[in-house]
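Student: Sharing a structure with you now.
FYI, it's all coordinate maths here, none of it is from the lab. Only a predicted model underlies this, so the values are computations on that prediction, with no experimental measurement involved. Cβ atoms come from the backbone with ideal geometry, glycine included; neighbour counts cover every protein chain shown.
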Amino acid sequence: MTPTPWWHPTSHADRRPLLLARNRIQGAIRGWLAGEGFVEVDPAALQISPGNEAHLHGFATVAVGNDGVGQGMYLHTSPEFAMKKLLAAGETRIAAFAHVFRNRERGPLHSPEFTMLEWYRAAEDYSVLMRDCTALLRLAVPKGGLLRYRDRECNPALEPERLGVCEAFARHAGIDLLRTLGPGGQVDREGLAGQMAAQGMRVGAEDTWSDLVAAVLVTRVEPHLGLGRMTFLDRYPIAEAALARPLASDGRLAERFELYACGVELANGFGELTDAGEQRRRFEAEMAEKHRVYGERYPLDEEFLSALEGMPAACGIALGFDRLVMLATGAARIDDVMWVPVAE
């Protein structure tokens, strides 16, 4: 039986309360951002590079000039590069509700096009972003309300948990992740593989250290996060934080956290890396890995790397706005809270 399309009046009537809740939440967040002194900006989606993380996939297109000559372009996977250029230009608190595009992503929590709320604070410690997230999640539900996904609940009114990644691996997977990190952030793939095998986890012959970290995170750690109260999974290994600066107290780790509620990852925050040379090195390593795994690589945004040299110390974060609306309304799928879902 063919499902009723989203635009059919009966389907729309079922979805409309969720969509109106979306508008309410977006309005409340905009008011909060304005009260905090943020300027809302509107970055263009068409960019030279979609981003330079190995496992993010962009949509490619061709921009044809007045002379009829085409230039390869991409739809951005995040407004990050554009917004950091604005920080270099002199802005100090900026935010954007940006439509972003990611290929190879479709499912209950994923859409090829979705709305990302991204914001930056110049000259502030990245931990302030955790306070921001806490305030925004509390705005998303009525007073006394809960965030829900499937059979899981999270009360945003409760004090959040701040949990180190290495601590989470030890607690939920019995793995000493820190032992697999060298003093300069080098990684010990075989050491991690051995610990995983001892815990009865499958290890593929071609899996890299990063692949193994992702497998532990998804299967053993994430299901325990954000249950009852929010979890900030903090201090990622530097090898898993391509755009974040090292932790001052331990160079093996980075100023990066992810926010979880109901076992769902909602946001990804950083103390931003501003060393252009180091950023180039990391991007080149990411693109080498992309080429190894997928047979392709994306160009570097040279303008972004130049702007980075003049960018002030800052922290920034990207939050999946549609996912937040899902959890605030109890919706089962991301398409249910999008006014016009992407056609399948």
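Student: Evaluate the charge dipole of region 130-223 about its Cα centre and quote only its size in Debye, nearest 20, assuming +1 on the Cβ of each Lys and Arg and -1 on the Cβ of each Asp and Glu.
Tutor: Taking the Cα centre of region 130-223 as origin, the dipole is about 440 debye.
Student: Stretched out fully, how many nm does the piece from His291 to Thr2 gain, at 0.36 nm a residue minus the Cα gap?
Tutor: Extra length available between His291 and Thr2 comes to 100.1 nm.
Student: Determine ³J(HN,Hα), in whole Hz, for all residues of region 97-109 in sequence, where each value follows from phi through the Karplus function 6.51 cos²θ - 1.76 cosθ + 1.60 and θ = phi - 60°; x replaces Gly and Pro.
Tutor: For region 97-109, the Karplus curve yields 8, 10, 6, 10, 9, 9, 6, 6, 10, 8, x, x, 10 Hz.
Student: First measure r as the distance between the Cβ atoms of Ala28 and Ser127, then evaluate 1/(1 + (r/R0)^6) with R0 = 30 Å and state the FRET efficiency to the nearest 0.05.
Tutor: 0.80
Student: With +1 on each Lys and Arg Cβ and -1 on each Asp and Glu Cβ, how big is the dipole of region 222-287 about its Cα centre, in debye rounded to the nearest 20?
Tutor: Dipole of region 222-287, to the nearest 20 debye: 100 debye.
Student: Now for a separate question. Using 0.36 nm times the number of residues separating Leu227 and Asp42, minus their current alpha carbon distance, what extension gain do you get?
Tutor: 63.2 nm is the gain from fully extending Leu227 to Asp42.
Student: While we're on this one: Based on Cβ point charges of +1 for Lys and Arg and -1 for Asp and Glu, what charge dipole magnitude is obtained for region 105-175 about its Cα centre, in debye rounded to the nearest 20?
Tutor: In total the dipole reaches around 280 debye.
Student: At a Förster distance of 22 Å, what's the computed FRET efficiency of His99 paired with Val62, Cβ-Cβ distance as r, to 0.05?
Tutor: 0.65
Student: Turning to a different aspect of this structure: Between Trp339 and Leu109, 0.36 nm times their residue separation minus their Cα-Cα distance comes to what?
Tutor: My answer for the length gained is 81.2 nm.
Student: Are there DSSP H segments in the chain that both extend 24 Å or more along their axis (alpha-carbon positions) and score a mean Kyte-Doolittle hydropathy of at least -1.0? List them, or say none.
Tutor: Helices passing the filter in the chain: 9-35.
Student: Averaging sequence separations of C-alpha pairs under 8 Å and six or more residues apart, then dividing by the length of the chain, give the relative contact order as a whole percent.
Tutor: 23 percent
Student: Turning to a different aspect of this structure: Okay, helix-only estimate at 222 nm for the chain: each DSSP H run of n ≥ 4 adds -39500 (n - 2.57), divide by all residues, round to 500 deg cm²/dmol; what do you get?
Tutor: Calculated from helices alone, the mean residue ellipticity at 222 nm is -10000 deg cm²/dmol.
Student: Can you give the % of DSSP beta bridges in region 132-268 that are antiparallel, to the nearest 5?
Tutor: Of all bridge pairs located within region 132-268, approximately 75 percent are antiparallel.
Student: To check my understanding: the extent here is largest minus smallest coordinate of the Cα atoms along each principal axis. What are those three numbers for region 141-217, in Å, largest first?
Tutor: Principal-axis extents of the Cα atoms in region 141-217, largest first: 49, 28, 18 Å.
Student: On to the next question. Compare the Cα positions of Ala88, Val100, Pro112 along the charge dipole of region 84-123 (+1 at Cβ of Lys, Arg; -1 at Cβ of Asp, Glu; about the Cα centre) and return the one farthest towards the positive end.
Tutor: Going by the charge dipole, the pick is Ala88.
Student: Sticking with this one: Please give the Cα centre distance for region 128-170 versus region 234-281, rounded to the nearest Å.
Tutor: 19 Å
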